[in-house]
Every structure is written in structure tokens, then in C-alpha cells.
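Student: Right, I'll just put the structure down here and ask away after.
Just so it is clear, none of the values below were taken in a lab; they were calculated from the coordinates. Predicted, not measured: the structure shown is a model, and the values here were computed from it. Please note: Cβ atoms are built from the backbone with ideal geometry, for glycine as well, and neighbour counts cover all protein chains shown.
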Amino acid sequence: MRRRIVLVSGATTVLVLVAFLVPLLVLVRQVAQTRAMASANANAQTVVTVLLTVAGKDEARIGVDNVNATGPQRTTVFYPDGTRLGAPADAGADVRLARSQRLSFDTAASGGRAIYLAVDLGDARCCVVVRTFVPQAQLDDGVLPASLTLTGLAVVLLLTGLLTAQLLARSLVRPLLEVADVAHSLHDGDLTRRAGLTGPPEISSIAAALNRLATRISALLQAERETVADLSHRIRTPLTALRLDVESLTDPADAERLAADVEEVEQSLHQVIAQARSPARQAAPASSDLAVVTRARLQFWTVLAREQTRATSVHLPARQLLVPVPADQLEAAIDALVGNVFAHTPPGTPFTVSITEGPPARLVVADLGPGLADAALLERGRSATGSTGLGLDIARRTAEDTGGHLDVVQGPAGRGLQVTLTLGVTQTAPPTSS
């Protein structure tokens with residue numbers, strides 16, 4: 001924008017300067033020529049006066065020589081008998097025209113211009129022609145310095161205009177860049193940034209509107225966090241009742257297993273409340289071990305798989321496989337993918353969980369269930385069984401945060417489903433010795 005303003009201003013200044021400079025240069029040249037021709041006419045009239053006042057050619061020659069000695073013009077007197085006085089010159093067609101027609105005129109000559117005056121002396125010397133030659137150097141006298149002065153002035157005006165346009169463009173662009181920088185900060189999650197109300201009124205109005213929008217977004221997010229925290233807190237009551245029911249079980253093994261499950265739910269609930277109440281996402285570990293986290297979560301799901309007689313096939317690498325995802329987010333994504341198998345396939349349906357090291361790393365969860373009835377069910381919040389429909393979207397956002405993606409492939413003949421979670425890899429390590 002700044003460059004365009006400067007270019008437009010420079011182009012406009014150039015057009016204005018050319019519109020004024022060209023006529024001025026022409027006028028300067030015309031004034032110089034007019035001045036030179038007026039001086040030549042004065043010299044010619046002086047010679048005419050000499051011719052009219054002296055009696056002989058010798059006196060006339062002295063007068064013509066004196067006139068020629070006063071300037072660069074050269075005056076020649078042509079008598080009808082062929083006598084020439086003054087500067088050497090040829091009696092050409094212009095001399096004959098002036099004598100025959102008794103005319104006075106000026107015309108272009110080689111190297112300048114010439115003025116011709118026909119003088120009737122009233123005796124045998126009738127039709128004497130006076131020719132004054134003006135060299136081109138005198139016609140152009142003063143034109144070059146004046147042209148250089150005008151051109152220099154035009155350059156100074158152009159540079160001044162460009163500097164003024166640069167300062168004006170900077171005063172316009174700087175507030176806009178500040179508004180854009182604040183918008184980028186808001187996009188990156190810093191909702192505390194505000195734009196300064198500087199610059200022209202229009203830009204200040206944009207900055208004020210952006211500040212109001214940021215304030216409104218902050219208020220809406222805060223209200224949403226409080227709502228999520230309140231809803232999560234309300235779940236603690238039924239969890240407390242569930243814990244009491246678990247503690248009343250007579251079978252110690254069942255009581256211990258269910259108590260561990262209730263404890264895990266409570267920990268997850270605490271994390272949800274903490275994240276909801278925080279003004280921004282807390283700094284989390286830069287990475288976690290995909291193989292370790294997957295193995296830990298499968299220990300939980302394997303118990304439920306045995307109860308539902310599901311055949312489970314697990315293929316995990318023995319080496320460390322770090323991915324740029326916090327452990328709690330990675331656990332949520334794995335639980336979402338494996339949980340979908342239990343939620344959307346009948347008991348007894350086998351499934352497979354495998355990891356390919358890459359890079360990129362890929363976590364594949366495949367089952368032999370009925371598959372996906374409608375592709376629209378992949379959209380966030382859509383479910384055919386009355387669930388929240390958020391599981392795949394949680395996994396998708398986890399993958400996209402690492403620069404990866406989520407792929408869902410239908411099995412042959414509509415049977416089975418394969419979900420691939422592609423994640424960026426931080427690093428791998430050799431297999432640990434047992």
C-alpha cells in the first residue's frame with residue numbers, strides 16, 4: 001500500500017511538472033529569440049539612420065562597422081550597383097526580393113536568422129537593402145541555463161513530493177500494520193492485545209471495532225469456560241454416589257477395579273475443569289511417547305474387550321516414539337478411536353490396533369464391524385447411536401495440531417472400518433533392552 005501511494009503521488013507530480021515545464025521551456029526559448037531579434041532590428045534601424053544621414057559610402061561604411069562592433073549580429077548593406085558595406089554576405093534571392101518588392105522581413109538563414117530592410121534613399125541610391133544576420137548562439141542565449149534551472153526545480157519538487165508521499169503513506173500504513181499485528185495476536189490466542197486508536201479517523205474506527213470484537217470474544221470464551229466448568233462440576237455428585245456404591249460391593253476385586261475406573265473418571269473431570277477455568281491453554285509437555293501411551297490405554301480397554309469376547313490384535317513398536325502431543329490429549333484421542341469400536345460395533349467384533357513408526361507416525365484402529373452407514377456421520381456432533389459425535393473430531397484436531405491428519409476408510413463390501421491417525425514425529429529411539 002505504501003509503495004502504491006508513493007507511485008501514484010510520483011506519477012501525479014510528474015504529470016503536473018511536465019504540464020508546466022514544457023510550456024515554460026518553450027516560452028523561455030521564444031523570449032530569448034524575441035530579445036535577439038529585437039536587438040537585431042535595432043541595429044538594422046541604426047544602419048538605416050546612418051544611410052539616411054550620411055552623404056557618401058565611405059561615411060556609411062564607418063557607421064556600419066561601428067554597429068557591427070557592438071554585438072554578435074552582422075549587418076551588411078547591399079547597393080543596387082553591387083557595392084557591399086559591412087559584414088561579408090551573398091546577395092541572394094532574399095536581397096533581390098526585398099529590393100524589388102521594397103519589403104522588410106526576417107527569414108531563416110544558415111546558422112541563424114536574417115532581417116532584411118529595403119531603404120528608399122530618394123536618389124540614385126534607391127532600394128538599398130540592409131541585411132542583419134542573427135547567429136543561432138544569440139537566439140539561444142540564456143535558454144540552456146534557464147532550462148537547467150527549471151529542470152532542477154522540477155527535480156526538487158518531485159523529490160519533495162515523493163518524500164511527502166512517503167511520510168503520508170507511513171502515517172496511513174503504520175496504524176494499519178498495528179491493527180493487523182493485533183489481529184494476528186488474537187488469532188494466535190492472545191486475547192489481551194488491543195490496537196491503538198491512532199492514525200486517520202477511518203483507521204481509528206477499524207481499530208476500535210477490532211478492540212470491541214476482542215473484548216466480546218474474551219467475554220464469550222470466559223462465559224463458555226465457566227459453563228463447561230459448571231457442567232463438569234455437576235457430574236461430581238453422581239460420581240460421589242457411584243464411588244459409595246462401589247465401596248459397598250462385597251467382591252474386593254470388583255470393588256478395586258471399579259474404584260480405579262471411578263478414580264480415572266474423576267481425574268479426567270478435574271483436568272476438564274482446570275482447562276475450562278484457565279484463560280488460555282496451559283503450557284504442556286512438548287511431546288509424549290506414542291507407544292507407551294497407547295500400550296497403557298489398551299490395558300484399560302483390554303479388560304472390557306475380554307468381557308465382550310472381542311479378539312484384540314495389538315502391534316506396537318518396542319522403541320520410543322515421541323510425538324508432539326501432550327500425554328493427556330494423546331490419551332483422549334486414543335480413547336476416542338478405541339471407544340468408537342466398542343460403541344458402534346456389536347460385542348464379539350474383533351479389532352486391531354497398530355503403530356507404524358514413520359515418520360510420520362501412524363496409529364491405525366481397524367475393526368470388522370458393520371462399517372459406516374453414512375459419510376455424514378464423520379462430521380462433528382453427528383452420531384447414529386445417540387452419542388455426542390465428538391470422538392473422531394477430538395482425534396482429528398489432535399492430528400492437525402501436529403501437522404498430521406485423520407483418515408477413515410470403509411472396508412470392502414461396506415464391512416469394517418479403518419481409522420488412521422497420522423502424527424508428526426519428534427524423534428525415535430532404539431529399542432529398550434529388557
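Student: Based solely on its DSSP helices, what 222 nm [θ] is calculated for the chain when runs of n ≥ 4 H residues each add -39,500 (n - 2.57) and the sum is averaged over all residues, nearest 500 deg cm²/dmol?
Tutor: -19500 deg cm²/dmol
Student: What fraction of the DSSP beta bridges in the chain is antiparallel, stated in percent and rounded to the nearest 5?
Tutor: 90 percent
Student: Something else about it: Would you please classify the overall shape of the chain from the alpha carbon gyration tensor, given that a ≥ b ≥ c denote the square roots of the eigenvalues, rounded means a/c under 1.5, and beyond that prolate means a/b larger than b/c while oblate covers the rest?
Tutor: In terms of gyration-tensor shape, prolate.
Student: Ok, one more. What residues qualify as long-range amide H neighbours of V128, i.e. H under 5 Å apart, gap of 5 or more or another chain, H built at 1.01 Å from N?
Tutor: V119, L121
Student: Something else now. Each residue of the stretch 138-147 in turn: what ³J(HN,Hα) in whole Hz from Karplus with 6.51, -1.76, 1.60 and θ = phi - 60°, glycine and Pro shown as x?
Tutor: After applying 6.51 cos²θ - 1.76 cosθ + 1.60, I find 6, 5, 9, 4, x, 6, 5, x, 5, 5 Hz.
Student: Order by neighbour count: S185, S205, fewest other Cβ atoms within 10 Å first, most last.
Tutor: S205, S185
Student: Once you sort the root eigenvalues of the Cα gyration tensor of the stretch 146-231 as a ≥ b ≥ c, which label holds: rounded (a/c under 1.5), prolate (a/b larger than b/c) or oblate (the other case)? Walk me through the numbers before you get to the answer.
Tutor: Numbers: a/c = 9.00, a/b = 4.92, b/c = 1.83.
Prolate.
Student: Express in whole angstrom the spacing between the alpha-carbon centres of the stretch 139-164 and the stretch 8-57.
Tutor: Cα centroid to Cα centroid, the span is 20 Å.
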